[in-house]
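**Q** Mind looking over this structure? Questions follow.
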Amino acid sequence: MEKKTPLIIDFDPGLDDAVCFFMIAGSNMYDILGVCPVSGNKGLEITEKNALKLCELIGRSDIPVLRGAKKGILKGKRTSGNVHGQSGFGRNVDLPEPVKQVEKKYAWDFIYDSAIKYPGELEILAVGPLTNLGIAFIKYPDLNQYIKRIVIMGGGFSHGNWTAAAEFNIWADPDAARIVFEAGVPMAMMGLDICEKAIIDKEDLARLDNGGKISKVAADLMRDRVLGPPDMPEEMKKNRIGGILCDAVAACYMIDPTVIETEYVEVRVETKGTLTEGKTYALRPFTETEIYKPNTYAGVNIDRKAFADVMIRMIAKLD
Ligand code: BDR
Ligand code: CA
């Protein structure tokens, strides 16, 4: 059997975080060493519990759930309120209370120990605020030498979704994001530019609804995104094309990168701007007044249909 790539998933589950996790676990391409919840979509007490629930749901109680950060490095606790519902899994999914417990070990120590154990091999998929990773790079200055690459969902070239300038994950802890982008580890950034093109439509939802247990949970997680929230007027619902699941795009990139076109750019993070705090600032080679030091493969285009297909097929493998 081919050796699987060692991987740590850092996330803030979250509807789309859950779908992202299902896809990676279903792909069977990665050896998931552990998952590191972080405060983001919800406070840590909820994202932690959700991480435990997800591992149990897919029969992977063996995956350690590490102790993550409760708040951003300098900016404190910033959550997305009720964007992902009260529980973080929307109003259609209610998973049983977990039996499994969070490990005593902190996420940043686990990341470092895993990097030392798998030097040059370890990959990290981070689809929440980058606080756990930021702390890891501060605490262990040599960590950058051992990580093969970091793939994130966050940022983008042009606009934001939390503020006009900033995407939520980067806005929630811009200082951590800056540390991560400046760490010197090869990066890939699946930002809003492509995540907003990766629409899941009603046909995709129907395929999931026709699947087994985990496909059905995934369908319930994304139902309101695809069909529209309950308070949306019927006429609007009828005309709605579908909804997006940002973190699933990052999972797709790790499973089948041919679905996503990237551009090699240098990403910097705005940590202080009065209007642009948390904005990712991407330098392209033709930026004439600045020295261009590319560090990130940033998503610029996505084959929507192929993406949806990867998502549905990977989740089905868990059914
Ligand atoms: C990102 O923010 C969160 O709400 C999602 O889980 C995703 O990681 C999108 O901006
Ligand atoms: Ca997320």
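Taken together, the values in this text are just the output of simple stated rules run on the coordinates, not laboratory data. Just so it is clear, the model here is predicted, and its values are computed rather than measured. Cβ placement follows ideal geometry from the backbone for every residue including glycine, while neighbour counts extend to all protein chains displayed.
**Q** List the pairs from LYS53/LYS202; LYS42/LYS317; LYS75/LYS293; LYS42/LYS77; LYS100/LYS317; LYS49/LYS317 whose alpha-carbon separation is above 20 Å, in the order I gave them. Each step should come with its number before you reach the end.
**A** On the way: LYS53/LYS202 27 Å; LYS42/LYS317 28 Å; LYS75/LYS293 28 Å; LYS42/LYS77 10 Å; LYS100/LYS317 23 Å; LYS49/LYS317 24 Å.
Flagged as over cut-off: LYS53/LYS202; LYS42/LYS317; LYS75/LYS293; LYS100/LYS317; LYS49/LYS317.
**Q** What whole-number distance in Å separates the alpha-carbon centres of segment 197-245 and segment 1-40?
**A** Segment 197-245 and segment 1-40 have Cα centres spaced 22 Å from each other.
**Q** What residues qualify as long-range amide H neighbours of ILE152, i.e. H under 5 Å apart, gap of 5 or more or another chain, H built at 1.01 Å from N?
**A** ALA126, ALA188, MET189, MET190
**Q** Collect residues whose amide H, placed 1.01 Å from N in the peptide plane, falls under 5 Å from the amide H of VAL300; neighbours closer than 5 in sequence don't count.
**A** GLU261, THR262, GLU263
**Q** How large is ³J(HN,Hα), in whole Hz, for each residue of segment 227-232 in order, when computed from phi with the Karplus curve 6.51 cos²θ - 1.76 cosθ + 1.60 and θ = phi - 60°, using x for Gly and Pro?
**A** Per-residue couplings from phi come out as 8, x, x, x, 7, 7 Hz.
**Q** By counting other Cβ atoms within 10 Å of each Cβ, how are LYS70, LYS272, LYS202 ranked from fewest to most? Write down the numbers at each step before the final one.
**A** On the way: LYS70 14, LYS272 8, LYS202 11.
Ordered by Cβ neighbours within 10 Å, fewest first: LYS272, LYS202, LYS70.
**Q** For segment 178-188, in order, what is each residue's ³J(HN,Hα) by Karplus, 6.51 cos²θ - 1.76 cosθ + 1.60 with θ = phi - 60°, in whole Hz (x at glycine and Pro)?
**A** Rounded to whole hertz, the list is 5, 4, 5, 5, 8, 6, x, 8, x, 10, 10.
**Q** I would also like to ask the following. Search the structure for amide H atoms under 5 Å from the amide H of ASN41, placed 1.01 Å from N in the peptide plane, and list their residues when 5 or more places away or on another chain.
**A** Here the answer is SER80, since their amide H atoms fall under 5 Å of that of ASN41.
**Q** Could you please rank SER215, SER158, placing first whichever residue has the fewest other Cβ atoms within 10 Å of its Cβ?
**A** Details: SER215 21, SER158 11.
In increasing order of surrounding Cβ atoms, one gets SER158, SER215.
**Q** Over segment 233-319, consider all pairs of different Cα atoms and compute the Kirkwood hydrodynamic radius from their mean reciprocal separation; express it in Å, one decimal.
**A** Details: mean 1/r = 0.0627 Å⁻¹.
Taking the inverse mean of 1/r over all distinct Cα pairs, segment 233-319 comes out at 15.9 Å.
**Q** Report the extension gain between LEU227 and ARG284 in nm, rounded to one decimal, defined as 0.36 nm multiplied by the number of residues separating them, less their alpha carbon distance. Walk me through the intermediate numbers first.
**A** On the way: separation 57, 0.36 × 57 = 20.52 nm, distance 3.71 nm.
Additional length available on full extension: 16.8 nm.
**Q** Most mobile of LEU245, LEU52, LEU283 per a Gaussian network model of the chain (Cα springs, under 10 Å)?
**A** Checking each option, the largest mean-square fluctuation is seen for LEU283.
**Q** Per-residue HN-Hα couplings for segment 200-205, Karplus 6.51 cos²θ - 1.76 cosθ + 1.60 at θ = phi - 60°, whole Hz, x for Gly and Pro?
**A** 9, 9, 5, 5, 4, 4
**Q** Every cysteine in the chain with no other Cys Cβ under 4.7 Å from its Cβ, please list them in numeric order.
**A** So far as the 4.7 Å Cβ criterion goes, CYS20, CYS36, CYS55, CYS252 stand without a partner in the chain.
**Q** Between segment 265-319 and segment 110-136, what is the C-alpha centre distance in whole Å?
**A** Between the Cα centre of segment 265-319 and that of segment 110-136, the gap is 19 Å.
**Q** Under the rule a/c < 1.5 gives rounded, and otherwise a/b versus b/c splits prolate from oblate, where does the chain land using the Cα gyration tensor? Mind showing how you got there, number by number?
**A** Values: a/c = 1.42, a/b = 1.16, b/c = 1.22.
Cα axes put the chain in the rounded bin.
**Q** Arrange the following residues from fewest to most other Cβ atoms within 10 Å of their Cβ: MET254, MET236, MET190.
**A** Working: MET254 22, MET236 9, MET190 31.
Listing MET254, MET236, MET190 from fewest to most nearby Cβ atoms yields MET236, MET254, MET190.
**Q** Mind telling me which of ASN301, ASN169, ASN41 comes out most flexible in a GNM of the chain, alpha-carbon contacts under 10 Å?
**A** ASN301
**Q** Around ILE24, with a cut-off of 14 angstrom between Cβ atoms, what is the net charge of the other residues, counting Lys and Arg +1 and Asp and Glu -1? Numbers along the way, then the final one.
**A** Values: positive: LYS4, ARG60, ARG313, LYS317; negative: ASP10, ASP16, ASP17, ASP31, GLU123, ASP247, ASP256.
Overall, the nearby charge balance is -3.
**Q** With point charges of +1 on the Cβ of Lys and Arg and -1 on the Cβ of Asp and Glu, referenced to the Cα centre of the chain, which listed residue (TYR264, LEU221, PRO186) lies farthest in the positive direction of the dipole?
**A** LEU221
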